[in-house]
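Below: one structure, written as structure tokens.
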Amino acid sequence: MVLYLVPFAAAVIFIIAVVVRALKIRSLPIHLRWELYPVAHEKNARYGGSFFEHVDWWKKPRESSMAGELGVMIPEILLLKGVHEHNRSLWWRSFPFHFGLYVLAGFVALLLVGALAMAADVEVGPRAHGLGLVLHWLTLIAGVGGCALLALGSLALLVRRLSDPVLREYSAVADFLNLVLFLAAAGVTLAAWATADRDFFWLRGFFYGVVTFHFESGVPFPPLVVAEIVLGSVLLAYIPLTHMSHFFTKYFMWHDIRWDDKVNEKGGKMDARIKELLGQKVSWSAPHIQGEGKKSWLDVATEEVTKK
Amino acid sequence: MSRPIPFCDFCTPSEQLAHVDPKDLPPLPPPYDKWEEKPWTPLSQTARTEREATLDDTLAVGVPKPKNKQEEDELVAAFLRGLDKLFTSENNWTFLHPLMLSMEHCARCQTCSEACHTFVESGRNEVYRPAFRSEILRRLYHQRRSGGGLLSRWQRGGIELNWTTVSRLLELSYRCNLCRRCAQTCPIGVDNGLISREIRKLFSQELGIAAKEIHEKGSMLQLRVGSSTGMNSLVVKDNLEFIDEDMTTKTGLPVKTPWDVQGADILLMHNAGEILAWPENPGAFGIILDAAGVKWTLSSEAVAYDAINYGLWYDDVQYARVLIKHVQAAAKLGVKKVIMGECGHAHKAMMVIGNRVVPADMAVPVESTLPYIESLVDGGKLKLDPKRNDFAVTLHDPCNVVRLMGIVEPQRRILRKLAPKFREMEPHGVDNYCCGGGSGFAIMSGNNFGEWRTRIASRRKFRQILEAFQDDLDPKHPKYVCAPCSNCKGAIRDVLKYYEAEERVGIHYGGLVELIVNAMTDAKPGFLEFSAA
Ligand code: SF4
Ligand code: SF4
């Protein structure tokens, strides 16, 4: 029973941390435009062109392509295209690490589907037929493959962080421990599979308990299976609390900053918001400003500086 | 493998933290492969004793040394107040969002390092690594936010806060061109250029400390007198009259700059530095606009006859002040649109950043000269003969216009049409390298900063220029670097001069409109004069 609480708690922490972080980012005020080309939704993103390339650009309809954004985002997220292009030696280490995590997310999803299938009286395992057999093999490949990639990637990243003097100097203790945690989680899962759970029978059984709310299996889980569940849960809760939350904040970095070329137009929501922001009080103290919390942005921007 | 500068060394007082040995500067292409790099011109004794000059071989801001420990502590306390303000919405709504994300998410993977021309061309001197200054601010910020406990050090890494840290960080923020090439390569989207700017801003807006060329002699002078060149409205008009006469003599075409024409089709805004340093540029604009029959005007309103807006590089308040004056002048004349002349940062200030500073009902449409001039070239009213431009031409992409605004093709289409020997630099377009003059460096040359800029920050641009012309290094054959931006021209002028590139290789530089006038068949030939040819 207690074991079931761990992933539940982790999932709750994960969701809360992601939501809180996303809301915090969303609640930040509109910033001044700071786009960086190529802007993926632009028609001429191929060479980095923008609407500013046209005479009377404000009279032309703005063409924005969602497909363009996805075309950049998907290879970037799945294949780490940027790292491949700009830091190939890191990519060999970072790609297996990240891709391993994606495969493991798929592994968890497959375990859940397998558990649901079991709840619907479908047998899942090496001796099953049809869907049950497919699920078994997919789960096996995703679990073992994902863990192998993650273990390899985290070990390679750890070695690099320790051996490269620049990376070592820039790293905090947590950066090393994070990698150790990933390596441990992947290693323990592989060990559990190799010694006690060759068909992920126990792990799927655990998820069966989750989806059917049967939290007493009757037979105790093997210790390595318990360890993999605990470590996996710890990781799940921990990631969004750290800078590794870039797995989703990257969306904001790209979509809301690098590619944010929205034009402030008369009567629009943005315009109203900007007017509000200009009314905020400024407390910068330099002699040429002396806001001291009394002057608004509009005041300091429109005052004459002749005597300052 | 390079040895990093330990963060604890950054905070420990010493005579000089970093030194670039000229022998470590990467060799340049022929004919400079055998060029003997001289030692640095040393900083004067006065600069060393009276100013905080312990970062590297040069000095950009040169803040005076505090007189005693108490003064030091006061400055550190002011820095901390500024740091707090930098992360509040009231004081920094303008950039809080991107700044916060850049503070939180760096993986310290160093992917960005190789993208930075300053870092690479300094012989990979660790002090110029793009993530170095960002990491210092990041550690200070997290320490401040969490109270500096063990957990914060464990999670984010620690750093000691003292006057050495603060004064070096200030100088270090002026070793970055804000070109944001590094940000393009960051897999997470962290922007080291933005962080440099925010550090400068903290110092300027809270402590009133900034490089004097961009603050005192820059935006302040512009706001007081009308232009950072010191020219008032009368002097500008006089100078333009002189340029008009000169252009008329030179081309045989009548040119008369119109001032303050109510309801004109376009209000043209020049970087006033052009008028003094490169008069043929505003002159060429006049020739083209008159020949194309455009109803155009300049504004003689103080501040508006100078398109520069140095606040873009260091101070949001100064930036907004100048922007508002520019917008008001355009609105007052009731022009159909504003055309930004060949000045990159002025483009970005008015067209991109300004878009969310001025309420939309005040705004006047602003367009870049590049598509606009292209429309005139294509419009059929100018008679052009590309054979007049029968020399090698390469194009420099000003970061502000290209990487940061996406105006890539119009200027190329013009060159493909009018310069038969046009060839690209590599890389180019949005992947270009900064000229080394970005973020104010082009106008900063106090102490030996000009030399540092030329030999380190502009080195990659010089390398690219040389590579583009490797097919013919004969100095008798003129070559032209087309740089449609005043600050870029300033930096390119200095690097060409330092390496005697005109005499040795026949490399000249100038803007885009000059090339167009050079191709105009109605004008006397030889608008561009190549003295060494
Ligand atoms: S800024 Fe980006 S590329 Fe540079 S070290 Fe940080 S995460 Fe890596
Ligand atoms: S913004 Fe440009 S100059 Fe500054 S660190 Fe990045 S690449 Fe280097």
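Filtering the range B:71-114 down to residues that are within 16 Å of ligand 1 (Cβ to nearest atom) and aliphatic (A, V, I, L, M), which residue is farthest from B:Ser152 (Cα to Cα)? Don't jump to the end; show me each part of the working.
Just the residues of the range B:71-114 that are within 16 Å of ligand 1 (Cβ to nearest atom), to begin with: B:98-114.
Still in the list and also aliphatic (A, V, I, L, M): B:99-101, B:103, B:107.
Working: B:Leu99: 19, B:Met100: 17, B:Leu101: 18, B:Met103: 14, B:Ala107: 16 Å.
It comes out as B:Leu99.
Here is a yes/no grid of residues against (1) farther than 14 Å from A:His98 by Cβ; (2) of a type in the set (Ser, Thr, Tyr); (3) within 14 Å of another protein chain (Cβ to nearest Cβ); (4) under 18 Å from the mean Cα position of the chain (by Cα):
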residue	(1), (2), (3), (4)
A:Asp164	yes, no, yes, no
A:Ser171	yes, yes, yes, no
A:Asp175	yes, no, yes, yes
A:Ala186	no, no, no, no
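Could you please let me know if B:Gly334 is more than 14 Å from chain A (Cβ to nearest Cβ) and within 21 Å of the chain's Cα centre (by Cα)?
On the way: more than 14 Å from chain A (Cβ to nearest Cβ): yes; within 21 Å of the chain's Cα centre (by Cα): no.
When the stated conditions are applied, B:Gly334 does not pass them.
I'm told B:Gly490 meets every condition in (1) within 16 Å of ligand 2 (Cβ to nearest atom); (2) closer than 30 Å to B:Pro64 by Cα; (3) open to solvent by less than 10 Å² (accessible area, probe 1.4 Å) except one. Can you identify the failing condition by its number?
(1)
List the number of the failed condition for A:Met253; all other conditions in (1) touching a residue at least 12 places away in the same chain (Cβ under 8 Å); (2) surrounded by 16 or more Cβ atoms within 10 Å (Cβ to Cβ); (3) at the interface with chain B (Cβ under 8 Å from one of its Cβ atoms) hold.
Every condition holds for A:Met253 apart from (1).
Check A:Glu85, A:Glu53 and return the single one that is over 25 Å from A:Leu181 (Cα atoms), crowded, with 19+ Cβ neighbours inside 10 Å and either in the same structural domain as A:Pro240 (by TED's automatic domain parsing) or polar (S, T, N, Q) (or both). So that I can check it myself, show each step before the final result.
Values: A:Glu85 fails: crowded, with 19+ Cβ neighbours inside 10 Å.
Exactly one of A:Glu85, A:Glu53 is over 25 Å from A:Leu181 (Cα atoms), crowded, with 19+ Cβ neighbours inside 10 Å and either in the same structural domain as A:Pro240 (by TED's automatic domain parsing) or polar (S, T, N, Q) (or both), namely A:Glu53.
Where in the range B:1-106 are there helices (runs of 4 or more DSSP H), lying wholly inside it, with at least 2 residues that are touching an Asp or Glu at 6+ places or on another chain (Cβ under 9 Å) and closer than 27 Å to B:Ser204 by Cα? Working first, answer last.
Values: elements: B:7-10, B:45-50, B:69-86, B:89-92, B:96-104.
Because the criterion is at least 2 residues that are touching an Asp or Glu at 6+ places or on another chain (Cβ under 9 Å) and closer than 27 Å to B:Ser204 by Cα, the helices (runs of 4 or more DSSP H) in the range B:1-106 that meet it are B:7-10, B:69-86, B:89-92, B:96-104.
Has the range B:308-329 got at least one residue that is surrounded by fewer than 24 Cβ atoms within 10 Å (Cβ to Cβ) and more than 10 Å from every other protein chain (Cβ to nearest Cβ)?
yes
Go through (1) within 16 Å of ligand 1 (Cβ to nearest atom); (2) at pLDDT 95 or above; (3) facing another protein chain (nearest Cβ under 7 Å) one by one and return the number of the condition B:His117 breaks.
(3)
Does B:Trp93 qualify as being at pLDDT below 95, surrounded by 14 or more Cβ atoms within 10 Å (Cβ to Cβ) and not charged (D, E, K, R)? Lay out the reasoning, then the answer.
Values: at pLDDT below 95: no; surrounded by 14 or more Cβ atoms within 10 Å (Cβ to Cβ): yes; not charged (D, E, K, R): yes.
Spelling it out, it is not the case that B:Trp93 is at pLDDT below 95, surrounded by 14 or more Cβ atoms within 10 Å (Cβ to Cβ) and not charged (D, E, K, R).
Each row is one residue, and each column tells you yes or no for (1) more than 30 Å from B:Ser300 (Cβ to Cβ); (2) away from ligand 1 (no atom under 15 Å from the Cβ).
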residue: B:Arg180; (1), (2): yes, no
residue: B:Asn192; (1), (2): yes, no
residue: B:Ser196; (1), (2): yes, no
residue: B:Ile209; (1), (2): yes, yes
residue: B:Glu216; (1), (2): no, yes
residue: B:Ser219; (1), (2): no, yes
residue: B:Met231; (1), (2): no, yes
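If we scan the range B:394-413, do we find a residue that is surrounded by 22 or more Cβ atoms within 10 Å (Cβ to Cβ), within 12 Å of chain A (Cβ to nearest Cβ), in contact (Cβ under 8 Å) with a residue 60 or more places away in the chain and within 16 Å of B:Arg460 (Cβ to Cβ)?
Looking through the range B:394-413, at least one residue is surrounded by 22 or more Cβ atoms within 10 Å (Cβ to Cβ), within 12 Å of chain A (Cβ to nearest Cβ), in contact (Cβ under 8 Å) with a residue 60 or more places away in the chain and within 16 Å of B:Arg460 (Cβ to Cβ).
Please identify the pairs in which a residue from the range B:108-122 that is more than 7 Å from ligand 2 (Cβ to nearest atom) has its Cβ atom under 6 Å from the Cβ atom of a residue that is part of a loop (DSSP other than H, G, I, E, B) and open to solvent by less than 10 Å² (accessible area, probe 1.4 Å), counting only partners at least 6 apart or on another chain.
Note: pairs meeting the criteria are B:Ser122/B:Val20.
Among all residue pairs at least 6 apart or on different chains, which show Cβ distances below 8 Å where the first residue, located in the range B:182-210, is within 14 Å of B:Pro98 (Cβ to Cβ) and open to solvent by less than 10 Å² (accessible area, probe 1.4 Å) and the second is outside any helix (DSSP H, G or I) and of a type in the set (Val, Ile, Thr)?
Listed by first residue and then by second, the contacts come to B:Ala183/B:Val190.
Please count how many residues of the range B:112-125 are in a helix (DSSP H, G or I) and open to solvent by less than 10 Å² (accessible area, probe 1.4 Å).
Residues of the range B:112-125 that are in a helix (DSSP H, G or I), as a first pass: B:113-115, B:117-121.
Within this subset, residues satisfying the condition of being open to solvent by less than 10 Å² (accessible area, probe 1.4 Å) are B:113, B:115, B:117-119, B:121.
Within the range B:112-125, residues that are in a helix (DSSP H, G or I) and open to solvent by less than 10 Å² (accessible area, probe 1.4 Å) number 6.
Out of B:Tyr433, B:Tyr509, B:Tyr498, B:Tyr480, report the one residue that is in contact with a Ser or Thr (Cβ under 7 Å, 6 or more places away or on another chain) and aromatic (Phe, Trp, Tyr).
On the way: B:Tyr433 fails: in contact with a Ser or Thr (Cβ under 7 Å, 6 or more places away or on another chain); B:Tyr509 fails: in contact with a Ser or Thr (Cβ under 7 Å, 6 or more places away or on another chain); B:Tyr480 fails: in contact with a Ser or Thr (Cβ under 7 Å, 6 or more places away or on another chain).
Just a single option satisfies the conditions, and that option is B:Tyr498.
Residue-wise test of (1) in the same structural domain as B:His19 (by TED's automatic domain parsing); (2) of a type in the set (Lys, Arg); (3) touching a Gly at 6+ places or on another chain (Cβ under 8 Å).
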| site | (1), (2), (3) |
| --- | --- |
| B:Ala107 | yes, no, no |
| B:Glu114 | yes, no, no |
| B:Ser122 | yes, no, no |
| B:Arg129 | yes, yes, no |
| B:Glu135 | yes, no, yes |
| B:Arg139 | yes, yes, yes |
| B:Gln143 | yes, no, yes |
| B:Gly147 | yes, no, no |
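The values are calculated or read from the model by the stated rules, or taken from the named source; none is laboratory data. Note that this is a predicted model, so its numbers are computed, not measured. All Cβ positions, even for glycine, are placed from backbone atoms using ideal geometry, and neighbour counts span all protein chains on display. Ligands, DNA and RNA are stripped out before the accessible areas are found, and what is left, the full protein with its side chains, is counted by its heavy atoms. Shrake-Rupley method; radii C 1.70, N 1.55, O 1.52, S 1.80 Å.
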